[in-house]
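The values are calculated or read from the model by the stated rules, or taken from the named source; none is laboratory data. Quick caveat: nothing in here was measured; it's all calculated off a predicted structure. For neighbour counting, all protein chains shown are included, and Cβ atoms are generated from backbone atoms with ideal geometry for every residue, glycine included. To get the accessible areas, we keep the full protein, side chains included, count just its heavy atoms, and leave off ligands, DNA and RNA. Shrake-Rupley method; radii C 1.70, N 1.55, O 1.52, S 1.80 Å.
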Amino acid sequence: MDPARNASAERLSDVAGLARPVCLADEQSLPVLTALEGLLPHGGLQRGFTVTVQGGPGTNALALSLMAGASRAGSWVAAVGMPSLGIASAAEMGVVLERLILVAAPTSGRWPKVAASLIDSFDLVLVNWPDASTGMVRRLGLRARDRRAVLISVVSAGRGQAWHEAADVCLTVTSSRWEGLGSGHGRLTARRLEVEASGRRSPMSRSSTLWLPDRSGRVAERPTRTVEPVPLRDGVFEIG
């Protein structure tokens, strides 16, 4: 065996051994940020669930925001195969950096072992595995269910990726727009995402408008405008 790869595997095992969950395993779900509760069944990430995050720009930010609530509650979280994921972005989405482990993408032959080791040791695991087979996806899902971990897969648009198994929850970014720029001037102040939720464990399709982040740098849900009926005449109202 390659000594360098062997040393890397040993270091990963050492780190995984330190990740003792603070959230009790008998709890049914991991908490999420308040803005995300409406997208998820029962308002949280159910232990043993698989989640896919897909769509266009903003998928990484959405995936990171899903990790934030669990890390704040004391869970260790891990991300593997996410070279574009930055520490600053994770902190901006609310992830507690002291409980985040970043693992470089392993070689093709080592992906299964690395992913399985992380699922065994962490409450929540985020993966970006470009060529996972149908059989391996199914086995990882079963492993997450057995270990009561949450497995989140990021599926990048335009790269021919797919997660070959129906996820318990599927979050799709349908629109992403930065705000704050004028006609050739200004600076980015907030990003608005339109997100749809579906999946085999989601009883109905849901949608939400999220700020990732808003102008104050926080993850927030866009307030819903309440429309008051306007009285016209005897018992007749117009909805504006």
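Restricted to the stretch 126-159, and to residues that are closer than 23 Å to GLY44 by Cα and polar (S, T, N, Q), which residue is most open to solvent (accessible area, probe 1.4 Å)?
Here the answer is ASN128.
Starting from the stretch 125-148, keep only residues that are at positive phi, then list their pairs with residues that are of a type outside the set (Val, Ile, Thr) and open to solvent by 20 Å² or more (accessible area, probe 1.4 Å) whose Cβ atoms are within a distance under 6 Å, requiring at least 6 positions of separation or different chains.
ARG148/ALA25; ARG148/ARG47
In the stretch 1-10, is there at least one residue being at pLDDT below 85, surrounded by fewer than 20 Cβ atoms within 10 Å (Cβ to Cβ) and assigned to a loop (DSSP other than H, G, I, E, B)? Lay out the reasoning, then the answer.
First, pick out the residues of the stretch 1-10 that are at pLDDT below 85: 1-10.
Within this subset, residues satisfying the condition of being surrounded by fewer than 20 Cβ atoms within 10 Å (Cβ to Cβ) are 1-10.
Okay, now just the ones that are also assigned to a loop (DSSP other than H, G, I, E, B), so 1-2.
Scanning the stretch 1-10, I find at least one residue that is at pLDDT below 85, surrounded by fewer than 20 Cβ atoms within 10 Å (Cβ to Cβ) and assigned to a loop (DSSP other than H, G, I, E, B), so the answer is yes.
Considering only strands (runs of 3 or more DSSP E) fully contained in the stretch 126-219, which possess at least 1 residues that are modelled with pLDDT under 85 and of a type in the set (Asp, Glu)? Show your work before the answer.
Numbers: elements: 150-156, 169-181, 186-198, 206-211.
Here the list reads 169-181.
If you take the residues of the stretch 103-125 that are of a type in the set (Gly, Ala, Ser) and assigned to a loop (DSSP other than H, G, I, E, B), which of them is least open to solvent (accessible area, probe 1.4 Å)? First the steps, then the outcome.
Narrowing the stretch 103-125 to residues of a type in the set (Gly, Ala, Ser): 104-105, 108-109, 115-117, 121.
Remaining after also requiring assigned to a loop (DSSP other than H, G, I, E, B): 104-105.
Numbers: ALA104: 81, ALA105: 65 Å².
Filtering first and then ranking leaves ALA105.
Let's see how each residue does on (1) out of contact with any helix residue (DSSP H, G or I) (no Cβ under 9 Å at 6 or more places or on another chain); (2) in a strand (DSSP E or B); (3) within 17 Å of ASP123 (Cα to Cα):
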{"position": "ALA61", "(1), (2), (3)": "no, no, no"}
{"position": "SER65", "(1), (2), (3)": "no, no, yes"}
{"position": "GLY74", "(1), (2), (3)": "no, no, yes"}
{"position": "ALA91", "(1), (2), (3)": "no, no, no"}
{"position": "VAL95", "(1), (2), (3)": "no, no, yes"}
{"position": "ILE101", "(1), (2), (3)": "no, yes, yes"}
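Restricting to the stretch 62-102, what's the tally of residues that are open to solvent by less than 30 Å² (accessible area, probe 1.4 Å) and of a type outside the set (A, V, I, L, M)?
Going residue by residue through the stretch 62-102, those that are open to solvent by less than 30 Å² (accessible area, probe 1.4 Å) are 62-71, 74-75, 77-82, 85-86, 90, 93-95, 100.
Filter again for of a type outside the set (A, V, I, L, M), leaving 65, 69, 71, 74-75, 81, 86, 94.
Going through the stretch 62-102 one residue at a time, the tally reaches 8.
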